[in-house]
Amino acid sequence: MEESWKEKLKEAPISRIMKVAYENRVLIPAFNVAYLPMVKAIMRALEELETFALLEVSRPDITRFGAESLRAVKEEYDHHGDLALSRLHQDHVPVIDEEGKEVDWKALIEEALALGYHSVMIDGSRLSLEENIRVTREVVALAHSQGVAVEAELGSVLGHEKGPLPPYEELFRSGQGFTSPEDARHFVQETGVDWLSVAIGNIHGAITGAAKDQKKVEARLNIEHLQRIAQLTGIPLVLHGGSGIKKEYVLEAIKNGITKINVGTEVRQAYEKGLGKNSIVKEAQEETVKRVKELITDYYEIKGSAHILSKNL
Ligand code: 13P
């Protein structure tokens, strides 16, 4: 018979697991699947460390890297995934993409729902507040009717756009794009969204040009700003652009309401390094397992988190 901690996690909806994580200040990392064989490798790391995480896939993972399609990732997850330790999340469905083009967001969300993704993210952050509320509300109604959780974004986590960013220190000092705490309160009340992605100094890793292979800038976080958002929202908050943030800031952010952290660049780069010139998938998977285990153990300090979550469900 399966151990009971596993049974409990398998049966709980992800919205409930995330709430328990929020209340107990446990981090749930979300690892981007940039290449299909990463699914098996990430799962192995989670199993060995008995840690709960999300596996997620974004449009750039599909269009710029090797995730292929929402369906391909779901099939890989059906094969290697374990609901006692993970769920599958659709990352970033933008209403307007990083190149300023309109996206058929509804079709993408409906595709993920039909495939059985456990949670979805609508990203209306390039819209006005009222438009972002309108679109997010529509996604919440659609997804909740099928028992699926919804993440949205307010403020702008920069970094995916083409062209150079202003110097990081300037961005951080000016607070450009930071989520307004008052807007966040209004947004959460009006939309009924489950989790909110916030901008508090975090930036995305590059996905184009030479920068996509380089080490990301070491971002900092404005913890006081996060505290104000957390006080006014009361729901799990999400930190995008998780690669390369200074550890002390991440640990402080977890204590102050960040429950989910999205990590793409550094695990993708580990996979690509392992793949090497001869494209050896097994080596790439080994590097992925190693990096994910390091992140869980040394950086987020959440080894064994599945037991804490299960106990509090
Ligand atoms: P990084 O690539 O900077 O880790 O960001 C990932 C992310 O936020 C995906 O949504």
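Computed with a 1.4 Å probe on the full set of protein chains, the accessible area for ILE280 sits at about 80 Å². Taking every DSSP beta bridge that has both ends in the chain, the antiparallel portion is near 5%.
Given LYS6/LYS293; LYS106/LYS246; LYS40/LYS293; LYS19/LYS215; LYS260/LYS303, which pairs have Cα atoms separated by over 25 Å? Flagged as over cut-off: LYS106/LYS246; LYS19/LYS215. The H on the amide N of HIS204, modeled in the peptide plane, is under 5 Å from the matching H of LEU158, GLY159, HIS160, each at least 5 residues off or on a different chain. Reported to the nearest whole Å, the Cα centre-to-centre distance from region 239-291 to region 42-114 is 15. The overall shape of the chain is rounded: from the C-alpha gyration tensor, with semi-axes ordered a ≥ b ≥ c, the ratio a/c is less than 1.5. Take the Cβ atoms of VAL281 and LYS255, set R0 to 41 Å, and the FRET efficiency comes out at 0.60. You can think of it this way: the chain between LYS247 and LEU83 has 56.2 nm of extra reach, that is 0.36 nm per residue less the Cα-Cα gap.
Please give the length that would be gained between GLN214 and SER128 if that part of the chain were fully extended, namely 0.36 nm times their separation in residues minus their C-alpha to C-alpha distance (nm, one decimal).
Once the chain is fully extended between GLN214 and SER128, it gains 27.7 nm.
For region 20-121, the dipole from Cβ point charges (+1 on Lys and Arg, -1 on Asp and Glu) about the Cα centre works out to 80 debye, to the nearest 20. For region 69-158, the list of GluC sites (Glu not before Pro) that fall in a loop by DSSP and count at most 12 other C-beta atoms within 10 angstrom reads GLU99. Per residue, the solvent-accessible area of region 186-313 (1.4 Å probe, heavy atoms of protein chains only, all protein chains present) comes to 42 Å². Summing Lys, Arg as +1 and Asp, Glu as -1, what charge do residues with Cβ under 15 Å from the Cβ of LEU142 carry, LEU142 excluded? Local net charge: -3. Per-residue 3J(HN,Hα) values for region 260-276, derived from phi via the Karplus relation 6.51 cos²θ - 1.76 cosθ + 1.60 with θ = phi - 60°, read 10, 10, 8, 10, x, 3, 6, 7, 4, 5, 5, 4, 5, 5, x, 4, x Hz in sequence order (x marks Gly and Pro). Within the accessible area of the chain, the carbon and sulfur atoms contribute 48%, probe 1.4 Å, all protein chains present. Taking Lys and Arg as +1 and Asp and Glu as -1, the other residues whose beta-carbon sits under 13 Å from that of LEU313 total +3. Counting other Cβ atoms within 10 Å, which GluC sites (Glu not before Pro) in region 214-257 have at most 14 and lie in a DSSP loop? Taking region 214-257 and a limit of 14 other Cβ atoms within 10 Å, the loop GluC sites (Glu not before Pro) found are GLU218.
State whether region 203-282 is rounded, prolate or oblate according to the following rule on the C-alpha gyration tensor (a ≥ b ≥ c being the square roots of its eigenvalues): a/c under 1.5 gives rounded; otherwise a/b larger than b/c gives prolate, and the remaining case gives oblate. It is prolate, given that a/c is not under 1.5 and a/b is the larger ratio. Taking 0.36 nm per residue of separation and subtracting the Cα-Cα distance, full extension of the segment from HIS307 to GLU23 would add 100.8 nm.
Pairs of Cα atoms nearer than 8 Å and 6+ residues apart set the relative contact order; for the chain it is 23 percent.
Charges only on Cβ, +1 for Lys and Arg, -1 for Asp and Glu: so what's the dipole of the chain about the Cα centre, in debye to the nearest 20? Roughly 520 debye for the chain.
Scoring 165-174, 11-20 by mean Cβ neighbours within 10 Å over their residues and listing the highest first yields 11-20, 165-174. Where a ≥ b ≥ c are the square roots of the eigenvalues of the C-alpha gyration tensor, would you call region 87-244 rounded, which needs a/c under 1.5, or, failing that, prolate if a/b is larger than b/c, or oblate? It comes out oblate by the Cα gyration axes.
Ranking ASP213, ASP97, ASP183 from most to least accessible surface, computed with a 1.4 Å probe over the protein chains only, gives ASP213, ASP183, ASP97.
When the charge dipole of the chain is built from unit charges on Cβ atoms (+1 for Lys and Arg, -1 for Asp and Glu) and taken about the Cα centre, the candidate among ALA45, GLY81, PRO236 whose Cα reaches farthest toward its positive end is ALA45.
The values are calculated or read from the model by the stated rules, or taken from the named source; none is laboratory data. Just so you know, these numbers come straight off a predicted model, no measurement behind them. All Cβ positions, even for glycine, are placed from backbone atoms using ideal geometry, and neighbour counts span all protein chains on display. Please note that ligands, DNA and RNA were not included when accessible areas were found on the heavy atoms of the full protein model with its side chains. Shrake-Rupley method; radii C 1.70, N 1.55, O 1.52, S 1.80 Å.
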